[in-house]
1. Which residues, taken from segment 217-228, are in a loop (DSSP other than H, G, I, E, B) and either open to solvent by less than 60 Å² (accessible area, probe 1.4 Å) or more than 7 Å from ligand 2 (Cβ to nearest atom) (or both)?
2. When you check Arg263 against the structure, is it in contact with a strand residue (DSSP E or B) (Cβ under 9 Å, 6 or more places away or on another chain) and open to solvent by 40 Å² or more (accessible area, probe 1.4 Å), yes or no?
3. With respect to the numbered conditions (1) closer than 27 Å to Arg263 by Cα; (2) surrounded by fewer than 22 Cβ atoms within 10 Å (Cβ to Cβ); (3) within 16 Å of ligand 2 (Cβ to nearest atom), which one is the sole condition not fulfilled by Lys82?
4. Quick one: is Ser100 within 15 Å of ligand 2 (Cβ to nearest atom), modelled with pLDDT of 95 or more and not aliphatic (A, V, I, L, M)?
5. Whether any residue in segment 290-301 is acidic (Asp, Glu) and away from ligand 1 (no atom under 16 Å from the Cβ) is what I want to check.
6. What do you reckon, is Ser352 among the hydroxyl-bearing types (Ser, Thr, Tyr) and either within 16 Å of ligand 1 (Cβ to nearest atom) or open to solvent by 40 Å² or more (accessible area, probe 1.4 Å) (or both)?
7. Which ones in segment 324-369 are at pLDDT 90 or above and on the phi > 0 side of the Ramachandran plot?
8. Restricting attention to segment 53-74, which residues are aliphatic (A, V, I, L, M) and away from ligand 1 (no atom under 11 Å from the Cβ)?
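The values are calculated or read from the model by the stated rules, or taken from the named source; none is laboratory data. All values derive from a computational prediction rather than experimental measurement. All Cβ positions, glycine included, derive from the backbone under ideal geometry; neighbour counts span all protein chains shown. What goes into the accessible areas is simple: the full protein's heavy atoms, side chains included, and nothing from ligands, DNA or RNA. Shrake-Rupley method; radii C 1.70, N 1.55, O 1.52, S 1.80 Å.
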Amino acid sequence: MKRLLLLLLCLLVQPAWAIDFSADERALIESFGPWPPPMQPDPSNRVSGRAEAIAFGRALFFEQRLGGDGKQSCADCHLPAKAWSDGKPGTGGLLRNTPSLLDIRWNRWFGWDGAQDTLWAQSLRPLLDPVEMNSSLAAIAGLLRKDATLACGYRQAFGTAPEADDERVAVNAAKALAAFQETLISAPTPFDGFRTAMAANQPVPAEFSAEAQRGLKLFVGEGQCAVCHFGPGFTNREFHDIGIPYAVRPGLVDPGRHLGIRRLRDSHYTLLGPFSDDPARSTGTETRHVDLLHRNWGEFRVPSLRNLAHTAPYMHNGSLATLRDAVRHYSELNEERLHADGEKLLRPLNLSDTQIDALVAFLLSLSAALPDFPEAEPVCRVKP
Ligand code: HEC
Ligand code: HEC
């Protein structure tokens, strides 16, 4: 009798597995973790991981005087309360959606078109871009030399006062910005709890609902989502065309990766250029071998699927307002829209409403609550 009661109690408090996963599916699901993955400093950035540079980069990130008009900071578009995105469909000349900066340290390419191959180059670009912060190397360096607190932060991070060479000072500021952004890492999610339990053959944690389990089954099975969204970050870190319209407005199209490769080749702020701090160029192989192909036209980077609860709207142009819209896009996919040559991975899934709900529930299980982001201590206390 006692044993029976105990069994009943177990059944009540331990949500059972809603569905079975095959051995292959389990192996695939286990490869979506652990979270977070290992972290290495960026060899192309000598201040990556250094506390003084992180503190200085954090101050720069919120510094409105870095804007060309003296009134715009990175945080105006990358808001801590929105997982460092901005909730708007698009900004800049190509009206692209502002990406979250959480977990950015694991990217290989930066920007929707991968025009940058380092986080520091990606941090310099918005400062100089006329349609973003519209500043200049001279203005950035001038501010860091003139302002006693910023000059002190620079000295702590780089061991010298801002140099006379504007470009060197501005690139170093971007390297400090990168060091700060590398610390933005999202917390483990309900899915991660489930994955750990699965690996240890333990009961399913209550916060990973039966609906989310069914969504996961679709994600790794019929939906074939894991062909592109895999690994702990749920991205293959490369570029595809999934048929999101790329016309920005009449007469203007967003070429996506095709433009990204051309920009990368034109830039000297790359892993192979003179500002990389890694003489061995140990992380530069992909940059060296990038090829410009016709199929790159209209391709965009496969985004991570973590933190989506905080980063609506979705896609490179923010054209889909909700996660339901995003899943419906794959369900109703118009194959004629897939303009890239040879993209044969996708076909319309024709999902039922229940299946769409399940996929949405699974996608939501990949987000954790955001931590508060407290005001920073001043980088340097400069005596008057
Ligand atoms: C006017 C709004 C705006 C401002 C200001 C801005 N950004 Fe962005 N940021 C964007 C947009 C839009 C993109 C996507 C650009 C693209 O794909 O070409 C982006 C992309 C990025 C990325 C790449 C994200 C990814 O997933 O690859 C990083 C990193 C970044 N910004 C950092 C910064 C930093 C650092 C600053 C300040 C120096 C800054 N941004 C200022 C709007 C902004
Ligand atoms: C062929 C590769 C590929 C497959 C398969 C794929 N995706 Fe995507 N996914 C992408 C690309 C590329 C984008 C960005 C497209 C753009 O912005 O133009 C994207 C974007 C998304 C987004 C928006 C994320 C954001 O931050 O804006 C979601 C959500 C998403 N995919 C979910 C799924 C689901 C669910 C499936 C399975 C039904 C799936 N994907 C299958 C490549 C793929």
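1. Filtering segment 217-228 down to residues in a loop (DSSP other than H, G, I, E, B) leaves 221-224, 228.
Result: Gly221, Glu222, Gly223, Cys228.
2. Values: in contact with a strand residue (DSSP E or B) (Cβ under 9 Å, 6 or more places away or on another chain): yes; open to solvent by 40 Å² or more (accessible area, probe 1.4 Å): yes.
Yes; evaluated as a whole, the condition is true for this residue.
3. (1)
4. Details: within 15 Å of ligand 2 (Cβ to nearest atom): yes; modelled with pLDDT of 95 or more: yes; not aliphatic (A, V, I, L, M): yes.
For Ser100, the condition - within 15 Å of ligand 2 (Cβ to nearest atom), modelled with pLDDT of 95 or more and not aliphatic (A, V, I, L, M) - is met.
5. So the first thing to find is which residues in segment 290-301 are acidic (Asp, Glu), and the list is 291, 299.
Now restrict to residues that are away from ligand 1 (no atom under 16 Å from the Cβ): 291.
Taking every residue of segment 290-301 in turn, at least one turns out to be acidic (Asp, Glu) and away from ligand 1 (no atom under 16 Å from the Cβ).
6. Details: among the hydroxyl-bearing types (Ser, Thr, Tyr): yes; either within 16 Å of ligand 1 (Cβ to nearest atom) or open to solvent by 40 Å² or more (accessible area, probe 1.4 Å) (or both): yes.
Here the answer is yes, as Ser352 does meet what is asked.
7. Within segment 324-369, just Asn350 meets the criteria.
8. Residues of segment 53-74 that are aliphatic (A, V, I, L, M), as a first pass: 53-55, 59-60, 66.
Passing the criteria: Ala53, Ile54, Ala55, Ala59.
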